[in-house]
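None of the figures in this text is laboratory data; all of them are computed from the coordinates on show. Please read all numbers here as calculations on a predicted model, not as lab measurements. Positions of Cβ are generated from backbone atoms using ideal geometry, with glycine treated the same way; all protein chains shown enter the neighbour counts.
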Ligand SMILES: Cc1cc2nc3c(=O)[nH]c(=O)nc-3n(C[C@H](O)[C@H](O)[C@H](O)COP(=O)(O)OP(=O)(O)OC[C@H]3O[C@@H](n4cnc5c(N)ncnc54)[C@H](O)[C@@H]3O)c2cc1C
Ligand code: SF4
Ligand code: FES
Ligand code: FES
């Protein structure tokens, strides 16, 4: 079976791992302990596995690990600093944007990419950015409010 | 979902190297992987080698300053949807790219991958055991089509959003292989056969799309019906390019996706030239579409709905573009 050494910057740290050529990014990340990357549909349809590659949301379950060689990968684990939740994480917690929590890492990573580009998005822009993230619990209203709350907190800070 | 088949992954850095790798038996192109990876995970192919073209910088280049404009096949859909130069000159192209799937798919998905998207069917886009327990089907490993059991062909629907937009804009594709380069009008890339819908020989790679400059005063747009507005393949998608002479249609091109096994160029639009975009013209155009599309039971949504919605979409586009022209 073809294998290779894969260099990635994962959550700010450079690392090199031996992976199968056909390894999926989701399996690689979970395999190195980043289990915040969720497997929902495992078919590119739900967004639970969303991570950032060079700052842009990508679906780890339909991305070959070797295809992002040399790039920066960020997962939900990168957001909390010194044990403190990021603004988005705290907003999801306070505004009940998370219920069972399975979609939450993907939701937050999609929202994170949006807010880096656009500090004060409209509700429409928030809904468009989260368009590929499916939630079976919240009905989305609380999720949109959570993102808005994080923007308000940022504007007030 | 099933796990991934094993293959060797190659990451060439130029087209010549990619072509040499693709000339080997059982090698296949992978770009963004957003169509191919789910299909491989469902056991819909088992290539020995995948040639990842995302490391070829030349394929992502756009040259919009010369005629024809050249758009690299590796450009992402997010790029095409977000580049204001594309939105200004080719609204249909920007709109179609923006309507593909959801943001994360568009960040990875490429123009070439979208044009070469596999055809889709409820009996095909299923796991290996689902298809096995159904006796497979004509498109892969089986001998009957569950959609049209008496026929001899596959009716899986071509469902890429971008092809119809580029067809009405008059695009050509530039294709590379170990034998050299060739060019093909985009419409000729497609065949109305769901099991062999692309006129590409094994080992061929689309490297770029050439689009003539949009004529001054021409208008274009793309419209699509899907189950969820946020993410879904088209049940029907319609692209239109139109030019007016005063209030009368001077030129009209329409192409469709989601309804046939090819990206369909609508025939007979020249019969509407010289007419105003009034109710009678809209109805005649709607009829042309309803007669030429042939949606089959390849989606959960009824095929008759897809026929009717295609006919509604085309009328809506012409009405909107006529209004846009009137305010120019
Ligand atoms: C949930 C979901 C929803 C989707 N919704 C839509 C939608 O609404 N509309 C839509 O159009 N698509 C949709 N897609 C499909 C896909 O995301 C896009 O079509 C995308 O543009 C495919 O591009 P890619 O680069 O990822 O292709 P890949 O998956 O890399 O390749 C697709 C096919 O094209 C071939 N190929 C790729 N590049 C080339 C090339 N340069 N030359 C020759 N062959 C090539 C590959 O071998 C493969 O057969 C959806 C996918 C998912 C998972
Ligand atoms: S149209 Fe028929 S042959 Fe084609 S994928 Fe569907 S069931 Fe199979
Ligand atoms: S797990 Fe990746 S999109 Fe659902
Ligand atoms: S909180 Fe349960 S799926 Fe979204």
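What the table below lists for this structure:
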{"read-out": "Shielding by other protein chains, B:227-234, mean Cβ within 10 Å", "value": "3"}
{"read-out": "Quarter of the Cα convex hull surface for the protein assembly as shown, i.e. its orientation-mean projected area (nm²)", "value": "24.2"}
{"read-out": "Surface/4 estimate of mean projected area, convex hull on alpha-carbon atoms of the stretch A:3-78, nm²", "value": "4.2"}
{"read-out": "Cα gyration tensor, the stretch B:162-239 - rounded (a/c under 1.5), prolate or oblate", "value": "oblate"}
{"read-out": "For q = 0.17 Å⁻¹, Debye-computed log10 I/I(0) when each Cα of chain A counts as one equal scatterer", "value": "-0.95"}
{"read-out": "Shielding of A:133-146 by partner chains, average beta-carbon count, 10 Å", "value": "1"}
{"read-out": "Efficiency of FRET between residue B:291 and residue B:152 - r from beta-carbon atoms, R0 30 angstrom, step 0.05", "value": "0.80"}
{"read-out": "When the convex hull of its Cα atoms is projected in every direction, mean area for the stretch B:55-172 (nm²)", "value": "9.3"}
{"read-out": "Whole-percent pair-distance distribution, where bins are 5 Å wide, for the alpha carbons of the stretch B:172-299", "value": "2, 9, 15, 18, 18, 17, 12, 6, 2, 1, 0"}
{"read-out": "Residue-averaged 222 nm ellipticity for the protein assembly as shown, from DSSP H runs of 4+ at -39500 (n - 2.57), nearest 500", "value": "-8500 deg cm²/dmol"}
{"read-out": "Reciprocal of mean inverse Cα separation for the stretch A:87-156 (Kirkwood radius, Å)", "value": "11.6"}
{"read-out": "Sequence of A:27, B:63 once ranked by neighbouring C-beta atoms within 10 Å, starting from the fewest", "value": "B:63, A:27"}
{"read-out": "Likely footprinting exposure, B:300, B:227, A:19, fewest C-beta neighbours within 10 Å first", "value": "B:300, B:227, A:19"}
{"read-out": "Number of partner chain Cβ atoms within 10 Å, mean per residue of B:95-104", "value": "6"}
{"read-out": "Gain upon complete extension [residue B:144, residue B:127; 0.36 nm per residue less C-alpha separation]", "value": "4.3 nm"}
{"read-out": "Order of B:158, B:123 under a 10 Å beta carbon neighbour criterion, fewest first", "value": "B:123, B:158"}
{"read-out": "Listed peptides B:17-25, B:271-279 by packing density, highest first (mean Cβ within 10 Å)", "value": "B:17-25, B:271-279"}
{"read-out": "Spacing of the two label points (7 Å from each Cα toward its C-beta) at residue A:17 and residue B:320, in nm", "value": "4.4"}
{"read-out": "Cα pair distances of chain B binned at 10 Å [whole percent]", "value": "6, 26, 34, 23, 9, 2, 0"}
{"read-out": "More than 21 Å apart - percent of Cα-Cα pairs taken over the stretch B:228-312", "value": "32"}
{"read-out": "Selected from A:62, A:108, A:76 as most flexible by GNM, with chain A as the system and alpha-carbon contacts under 10 Å", "value": "A:62"}
